[in-house]
Each structure stands twice: as C-alpha cells, then as structure tokens.
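Structure, as structure tokens:
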Amino acid sequence: MQYRAILTLIALMGSLCCSTLASAQAASTPARTSARGDDAIVEMNQAYRKGDRKRLAALLPQARGHLLEPWAAYWELRARLEEASPAEVQEFLTRFAGTYQEDRLRNDWLLLLGSRRDWPAFAAHLPLYRMNDDREVRCYALALQQAQTGADVAAEVLRLWYAQREADEGCLFAATQLHAARLIKNAAVWQKLRLAVEANRPRVVRVVAEGLMPKTAPQLTEVMDNPARFLSRQSTAPVRGTQELVVLALIRMAANDADAAAAMLEARWSANLNPEERSWAWGVIGKQAAQRLSYDALDYFAKAADRELSDDQLAWKARAALRRGNWKQLLAATAAMGDEQRQDAVWVYWQARGTLALAKTEPERQAARKLLEQIAGVRGFYEQLALEELGQRITVPAAPAPLTEQEREAARSNPGLARGLAAIALGLRSEGEREWNYSTNLHVRGGMNDRELLAAADLACQNEVWKNCINTSERTRGVVDLAQRFPMPHKDAVLARASQIGLDPAYVYGLIRQESRFIMDARSGVGASGLMQLMPATARWTAKKLGMADFNPQRVTERDTNLAIGTGYLKMVLDDFSGSMPMAAAAYNAGPSRPRNWRGQTGAPTLEAAVWIENVPFNETRDYVKKVLANTTSYAALISGEPQSLKARLGQVGPRDANLQVNADLP
C-alpha cells in the first residue's frame, strides 16, 4: 500500500517536482517512475555502496528524468569526487540547485577543498552552503577566518574539537593552526587528551599527541597500555608535563577499577597535583564509580571542586546524589552545570524536587513550583512528571485546527518531501529520511513553521511512513497533535494480542514506537528485526516457549509473527520483574541480567523508579526506558480518553529478593 500510494502521489505531482531541478532541465519534464527507472536507481545505490564507479556511469542515463535523478547524479559524481574537475562540480551544483543533493555535494566538496587547503575555492563555496551543520567544515571556516582577519575563534574551535569523538581532520587542523599561533594553549590540548582517554579513544589520543605534543607520544602509549605501571615509575615531584600524564593515567585506570584509581590518587598523587588536576581526576573516578552504582561515588565527588568538573561529571554526581537521597549535593551539582545542561528538563525537574525537599519557606516552595511550570506538559518523561508534581494528570491536549486543503497541497507539492517518500518506497530508507529531514529542517531556507510541519507529518502518515510522521510531528513547538505523534497502526491486531496475554496495549504501543517506529522490516545494526525488534536467538527461544511449532526465522518480520513473539517475550520479562514496567523496558533493551544487577543486592535502598531510571548506567537504555514509559502514558490517554498517571506506572525499585524465583533462562 505504501509504495503504491507514494507512486500515485508522484504521478499527481508530474512536472511540479521536476521544475526544481534547475534551468538545465525543462520544467515541463514529467517525473518518471517506471519499473526500469526504479530498478536503475536501486542498482545505482548498490553500486555506490560498493564503490563501483563504472557501473554508476553506465546506469546514470537510465535515471534521467526520474524523480530520484538528483540522487543518481550525486552517487555517480560523489564516487569520483577526488578526480572531478571544479567545472563538473559546478555543473552539478547549478543543475540541481535548491535540492538536498546540491547541498550534500557542496558539503563533500568543502571538506575536500579544506583537506587540499584550497582556500580561495573554499571561501567561494562556503556562503552558498545551507546545511551548515558539519563540524569539520565549520572548523575549516574558522581557521580561514582567523588567518584572514585575525578574529578570536579559539573558543569556538575548542568547543567543536572537544565535541568530536573521532580524529576528524578539519577540527584537528584548526586546533593545530591556532596552537602553533599560540592562540590555543597547551592546557586546552591536555583537556582534549583527557576527554579522549576518558572516552577510550586511543586513536584520537595518538593523533592529537603526534600532531600537537609529539614529545609526549611515547609516554602516552604507555599510559594507554598500562596506566598502573606508568604511575608506579613516576616520581611524585610536581612537574607540569608529568602531572598531566599522571591525570591521564588515573583516568585510564579508573575505567577498569575506580576504587584502585582512588587509592592510588589518595596515597601518592593527591598532594602533588594542583587543585584543577586533582578535581578532574576525582571527577572521573566519581563518574566511573557512579556508573557502577557504587555507594562510594558521592564520596569521591566530594573530594573535587564542582567548578572544575565537566557537565558530564556533574550529571553523574547529581545521579549519585539522587541514589543517596542527598538533595544538597544534587543542587550543588546542578548549580555548577553550564546553562544549557542545567536548563534541560531532566535537571530542571530534579532541581525543583531538591528545592522542595529542602524548602523551609513559602518563597522557596514557590521557586520550586516555577521550575516545574517551566517544563510541565505532555511532551516527554520529565515534562509529564512535572505536570503530576503540580497536581495534574496527563490528558490529550486539544487538537490543533484541521489542516486546510491548501496546507496539504503545499506538503504534497514539496519536491524534497516527494523525493524522500519515493526513496523510502524503493527501500532507500537512509537516503529518503535524510532528504525528508533536510526539507523540514528549521535551519534550511527558514525551515517549516508548525502548520507546515503538521502538514508534512500528515503526508507521511497518509503514506504510512510512520517514522517520518512521528519525528516531524514531534518538532512542532507551539502546538501538539498527540494523535499524530502517537499513531496506532495495526490497532486491531495489537489490541487483540495484548488482551489475549494480559498486557497493557498502551505499553505494547509505547515500546513498538520506540523500537521501530512501526517499520515492519526494520533491522538494527546488531540484527534485531521487525516491529518489536527481535534478536534471532530471542525469537527462537520465545517461539519455542510459546509452542510455535511452525516458527521460521524468515517470518520474524511478518506482523502477526513478530507481534506474537515480541509481546510473548515482553510478558515473560514483565512477569520476571514482578510487573515493573521500568525494569521490564530496561530488560527488553539491555537484556534481563543487567536490570537485575542495577536494582542492587539485598540491603540496597528502595528507590522511586524515576531515580532508578536516571541512574541506569547505559545512556541508550536510560533514554529508552524514559521514552517507553512516557509513550505508554500518552497512548493510554489516547486509548482510554481518561487522565493518566506516569508515576503510577513507575512505582518503586527495590533490591533483589534472594528468595524470589527468576527465570534464569530468559535471554
């Protein structure tokens, strides 16, 4: 149904789509979507992924006039961009002016020009680059700006450089140039090395050391390979270069054994590091201990000055304080965060809770209430919790005014949206989603306002491209169409299956929305498949437990098979965790053994589930559980038409009961 609907849409658009391909292409040329043209596009995509330049060139004529011709032309030129002439590049940019592919190729070309140090050509193309979201391009631009004007760009270069997880050339080049000009100090380079060691990025450590601090490279190799041995060989005399290497070795050591690193720091190095170095080392040790849910984490953080800690370390200090019920330390950690992080809903909510817990006066309670009012709503996990703290429940907000036919037509006639849907219909999901996102993005040519986003989301919904429907609708700011954000495909099948095995259908929908965005043939990088993203081994095990004698792994992406196995497994997990939705969601994402360990041993404190969730060590799982539970609450409001409580679904999480039987075989 999806493919046919999209082809119908394309046919109705006719010459309207093609008119954007630029003056070299006649505006009246109809968009072709013949089977032959479709096959050529798909085959070209495969050839591009294989780097088969000859096949790309041979197939390109068959893509002429096709709606997805800009993609075909992009793949053919991108595959040989390093050998292409500036004239060829300019011809492409002119021919496909205004398209995502034009901007995508300009991005690629700017990176190549920067790596070649062709600054006149780089400067000529940069003002025409609309996407403007590539850190490497931005770093090249900043380096050029500094060289031409002497502008102080060091702070922005460092921000971009620190944010890059890999050793990308653009920001490394800019940092190297500014370091050589003494505009970036050695302390900033050591900071980059700390971040790279903490993130376990040995290649970044090596590249940065060789490029900016070559004399330290041999010692850094030993730091990365055997930090304990490196530390044992060093004198405790305070020598600047050695002190920084010691900090790096302690960071490396803490990744494997935070307690051993703490003991080493306390016994040998604490008195010989300066306050900033000492605080950073304790901050890393505290973070590693907090991620292991150690009771000692907050004590380690107490040895550091909050003002010297990174936002990431402060977030883990706040989480450790939550586990200990230490509201004073939580508020100290959030107060030290940068403005952007402190204003995130998660920390606004916990600031409010901490302020309420310690409040002794009415003005203090009013200050907490104002914090909650800043974020309260139906949009997400902490927004819903804030709403409940203010004494309200989660309800379906009033729907926005219906879309007009003119608004729907504007979405239907948007060439980028049409190409995005057509690419997805041909199985080119990555390309289609990128073009769709580009076409709706707020920073491209003014972007779309809320009404235009609703119309674009509606177009995706009508074509059953649910991921684009949901993600586009979620970007509206002034209005919320909850039914659009939380669609219910396969409603009869989901409700029937949930009722059959005693599952809350809102929980099933909340999980599917997060797992696959209702993409039937979704496949993750680790091999999970279908609506409920089942791993092959889990699917086989569950099918056997359910008595599905006719189970075939090839059927795992079929709707009914996937729903039967996925809901069956979810019910087993939920039962294994005594009905705890947060722990079951964590188990579904990270495997049952991990949340069993995260709940703690006998004697561990019983926590409200929101505290337990916030302390989940894996970023992906922590985010996943929040979203599944918030999704569930929204779906429950839509399905029932009644006010809902997220808190009621959270409950509490206590330590493992040694006498409670668990399903040890549960994968």
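With Kirkwood's inverse mean 1/r over C-alpha pairs for Rh, give me the Rg to Rh ratio of the range 510-559, two decimals please.
That ratio is 0.97, to two decimals.
Within the range 622-661, find all residues whose amide N lies under 16 Å from a label point positioned 7 Å from the Cα of Q601 along Cα-to-beta-carbon.
So the set is 655-659.
With every protein chain left in place, what is the accessible area per residue of the range 538-586 in square angstrom, probe 1.4 Å?
For the range 538-586, the per-residue accessible area is 42 Å².
At 7 Å along Cα-to-Cβ for each site, give me the label-to-label distance between R36 and A648 in nm.
6.3
With a/c under 1.5 counting as rounded, go ahead and sort the range 625-667 into rounded, prolate or oblate using the C-alpha gyration tensor (a ≥ b ≥ c being the square roots of the eigenvalues; past the cut-off, prolate if a/b is larger than b/c, else oblate).
Verdict is prolate for the range 625-667.
For the range 97-244, just say rounded, prolate or oblate: build the C-alpha gyration tensor, square-root its eigenvalues into a ≥ b ≥ c, call rounded for a/c under 1.5, and beyond that prolate if a/b exceeds b/c, oblate if not.
prolate
Taking the Cα centre as origin and putting +1 on Lys and Arg beta-carbons and -1 on Asp and Glu beta-carbons, what dipole magnitude results for the range 316-431, to the nearest 20 debye?
Charge dipole, the range 316-431, about its Cα centre: 620 debye, nearest 20.
Provide the gained length on full extension for the span N274 to D344, in nm with one decimal, where the gain is 0.36 nm per separating residue minus the Cα-Cα distance.
22.0 nm
Just want the answer: with Cβ charges of +1 for Lys and Arg and -1 for Asp and Glu, which residue in L511, G478, W466 is farthest toward the dipole's positive end in the range 466-534?
Positive-most Cα among the choices belongs to G478.
Which of the following values of volume of the Cα convex hull per residue in Å³ was calculated from the structure shown: (1) 171; (2) 192; (3) 318?
It is the value labelled (2).
Projected onto the charge dipole of the range 330-444 (+1 at Lys/Arg Cβ, -1 at Asp/Glu Cβ, origin at the Cα centre), which of L428, A357, L403 gives the Cα projection farthest towards the positive end?
About the Cα centre, the residue reaching furthest to the positive side is A357.
Around R278, under 11 Å between beta carbons, what's the net of Lys plus Arg minus Asp minus Glu among the other residues?
Once positives and negatives cancel, what remains is -3.
For an R0 of 35 angstrom, estimate the FRET efficiency from the Cβ-Cβ distance between A187 and N256 and round to the nearest 0.05.
0.85
What FRET efficiency, computed as 1/(1 + (r/R0)^6) with R0 = 56 Å and r the Cβ-Cβ distance, is obtained for K360 and Q90, rounded to the nearest 0.05?
Efficiency for this residue pair is about 0.20.
Using the Cα centre of the chain as origin and beta-carbon charges of +1 (Lys, Arg) and -1 (Asp, Glu), tell me which of V153, N226, Q366 is placed farthest towards the positive end of the dipole.
N226
Using a 1.4 Å probe, what is the accessible area per residue for the range 375-440, in Å²?
I get 38 Å² per residue for this part.
May I ask you to rank E244, E156, E166 by accessible area, largest first, using a 1.4 Å probe over the protein chains only? Before the final figure, lay out the partial values.
Details: E244 5, E156 55, E166 85 Å².
Descending accessible area places them as E166, E156, E244.
How big is the Rg/Rh ratio for the range 578-667, C-alpha atoms only, Rh by Kirkwood, two decimals?
Reported Rg/Rh, Kirkwood definition of Rh: 0.99.
Taking only protein heavy atoms and a 1.4 Å probe, what accessible area per residue, in Å², does the range 623-666 have with all protein chains in place?
47
In debye, nearest 20, what is the charge dipole magnitude of the chain about its Cα centre with +1 on Lys and Arg Cβ and -1 on Asp and Glu Cβ, if you could check?
Here the chain has a charge dipole of around 860 debye.
Please list, in order, the residues from the range 79-109 whose amide nitrogen is less than 12 Å from a point placed 7 Å along the Cα→Cβ vector of A124.
Counting only backbone N, you get 86-91.
Just how large is the dipole of the range 259-351 about the Cα centre, in debye to the nearest 20, putting +1 at every Lys and Arg Cβ and -1 at every Asp and Glu Cβ?
Using only the charged Cβ atoms, the result is roughly 340 debye.
Leaving ligands, DNA and RNA out of it, rank H490, H125 by accessible area with a 1.4 Å probe, largest first. Don't jump to the answer; show the numbers that get you there.
Details: H490 55, H125 25 Å².
Largest accessible area first, the list is H490, H125.
What does the charge count around E198 come to, taking other residues whose C-beta lies under 10 Å from its C-beta (Lys +1, Arg +1, Asp -1, Glu -1)?
Summing Lys and Arg as +1 and Asp and Glu as -1 gives +3.
Straight distance only, please: which aspartates and glutamates reach the Cα of K467 with their own Cα at less than 16 Å, same-chain residues fewer than 8 apart left out?
Output for K467: E431, E433, E435, D458, D481, E515, D521.
When the accessible area of the chain is computed with all protein chains present and a 1.4 Å probe, what percentage of it is carbon and sulfur?
Its accessible area is 49 percent carbon and sulfur atoms.
May I ask you to derive the FRET efficiency for A398 and L81 from their Cβ-Cβ distance with R0 = 51 Å, giving the value to the nearest 0.05?
Efficiency for this residue pair is about 0.50.
The values are calculated or read from the model by the stated rules, or taken from the named source; none is laboratory data. Keep in mind it's a predicted model, so treat the numbers as computed, not measured. FYI the Cβ positions are ideal-geometry reconstructions off the backbone, even for glycines, and counts take in every protein chain you see. Each accessible area value is taken on the protein alone, full model and side chains, heavy atoms only, with ligands, DNA and RNA left out. Shrake-Rupley method; radii C 1.70, N 1.55, O 1.52, S 1.80 Å.
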